[in-house]
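This report concerns only the one structure given below.
The values are calculated or read from the model by the stated rules, or taken from the named source; none is laboratory data. Fair warning: this is a prediction, and the values are worked out from it, not measured in the lab. Cβ: placed from backbone, ideal geometry, glycine included. Neighbour counts: every protein chain shown. Quick note on the areas: whole protein, heavy atoms, side chains included, nothing else; ligands and nucleic acids left out. Shrake-Rupley method; radii C 1.70, N 1.55, O 1.52, S 1.80 Å.
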Amino acid sequence: MDQKMSTIHLNLLLDPSDRATCVAELNLLQKEILPRLTDNDSHHADIGSATITRKLLQSGCGSAGLGRCLLSIAGSHAATEICREGAAIVLKGLLQRASSRRRDDNDGTNEDPDWSGWLMQFYIDCCSTVCRRIAPACPQPWPPTSIPVTSSYEEKRIETSEQIRLQLIFVVSNLLSLLLERSKEEGEANEATTSMCQASSQLCFTMIDGGTCVLLDPYPDLHRESCRFLLSLADLVPSVLVQHASVLLAKILGCVDGGRSSPSGASLLDHRHAKTRCLALEVSSAIICCCAADAVPDITVLVGGVLMQWEGTPVFDRSAQVRVSLQKAVGNISRKLGASYFCEDSTTTCNGSRSSDSLVASTQTKIQASAIGSRLLSLLLKGIGDEVESVKRIASDEMSLLAVSAFGEGAAVGTLLAPLSHSILLMSFRDAARPWSVVRRAAALTSATVLLQFLAESDDASLVLSTGDSVFIVAALSSCFQEDSVSITMGAASCAFSFGKCGFPAIPLLSVILDSLESQYGGSAICASANEKKNVISGIHLASALSLLESLLRGSASTNLDATEDANECLGYLRTANIPSTLCCEAVLAAVLVDKATASSLYAACDAFVEAVRVLGVYSNCQLTSRSKIVVNLLSCSIYLLAACKCVYDSHESSKDISELLEKIRSIS
């Protein structure tokens, strides 16, 4: 170390009342000494810059050490603002240069054996100082400190400069990074002393519950650095985040247990800067992961509250990077929670008997866990359906990693989705039917569509829908077809198409549609259970029902299944005259002459039916009587459509389409 670096007047630095001398010494450190502490320091080629910096911090300029001297100035109310800020900046710079990533080891001959102990105690002292500066009422003498305090009352006053508050958080973040780096080098990762845990806990509490909450500070840079500090705590002292999980999540996400909004209503998820919103998602994910690893009893309540906030604005955030961060956060939480969250819930024990009282609570917890798993998977499905390629890619990767994590190497995404597919599907259609914004409803339809696509491609995935489920889904899709929004109607069409492509799940939907049309528009029951289904969809719009039927049929035509009795059960309806006979019932044909939308939907449904029987090759297996009835009914529909186009709507272009439909009918006759 040259003469200038070794003759810093520490006695002047320790006296913050001498402003001019203090500023001069700090400028010397900041402008002349810090730039020389680099890996390429030609004056000290025998030892690395990190080693020099560590010696300076510990005892380089007197018995108290430069590090403690700078911390004392940065935390002193007696010092002027320019001195406090300069001391914090210099201390931050020294800590950054003390990292072993910048050190020339030289076989470790220059390693200071006292560095670890000094670093730990200095972090504890630094936490105490920061607590006093960012909160008006930090209790003393907690945590224990070796920093001299000039005035207890003055030291407890909050730091008024936002830049100094930022630099103080920078200092503790850098110290925490050094401790984490040191513990990994010594093979003691994630281990911390009791004093360190207490100091970290008190600082964390002060940051979120003091007179001025740092996480909601008006200074945006302070938001981000505070989040980075919490992320470092998650790596080194996760128990601290578990201890303050509820309050932390309330401050970061603007919610409390169960997802209720906090009184302040503030949330970093609504911050104007995208990088702050990304950090908010990352931190909230880290907190939940710490709680999951610690087996917190009310983990499902915490996760439920977090998901309620994530399901709001982040899914539809205008920044693709925020949506990417959301998918990563969902993936991290899902893998940490484990496979038990992605299995079907059950109310019976493994041997089939009813659960005892002790198992009822366990069963309820299991149901809650399954509900959480369904919501997590739904968020990933929305990401896969995102219009931005980077979001799609990350969501797909996270889904694949989760499948492997939950079910073992080689597990397909369909295997992961199958157990909860029923609950995810109903949840998506509930969201699509709610009076929400167009964006949210379209995203719900996208989630259902992506799920059905995965199930159609999976060999072991099956989806069984009850009559009630089918009625609800048909009603939801039909209402979507009646919307003015193109994104909703297109989403409903894609969803119905995917249902048809799945094969078997489309059967109950077809049944509900045909029975509803017949019961409401003058047809007869088509199956023995029709009486149970009559009028279950009162007021269904005819055009929307026909559009839904068309999409299901086109999806059926796109399947790769063989046209055998067992290969594509959905075609059972196509092998009879039920669909054409319903389409040409008197009420439907009468509506064609007065409503253009119904005429267009009827044409599309007839075209889809003809295309399906042609592509799938099942028409030739029908009995001659059924084939004749199908052709007659289709011709009746075509004649009415042709008459309506020429005489009522005067649409010559549509007449050409109907002529092409007649040619297709002739080809199967």
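Some points to look at:
- Within the accessible area of the range 364-443 (1.4 Å probe), percent carbon and sulfur: 55
- Annotation: for a label point projected 7 angstrom from Cα along Cα→Cβ of residue 184, residues of the range 215-247 with backbone N closer than 15 Å are 231-237.
- Cα centroid separation, the range 269-348 to the range 76-97 (Å): 37
- Under the simplified labelling scheme, the residue 659-residue 308 pair shows an inter-label distance of 6.2 nm, with each label point 7 Å from Cα along Cα→Cβ.
- Stokes-Einstein diffusion for the range 222-338, with the hydrodynamic radius set to the Kirkwood value over Cα pairs and evaluated at 25 °C in a medium of 0.890 mPa s, equals 178 µm²/s.
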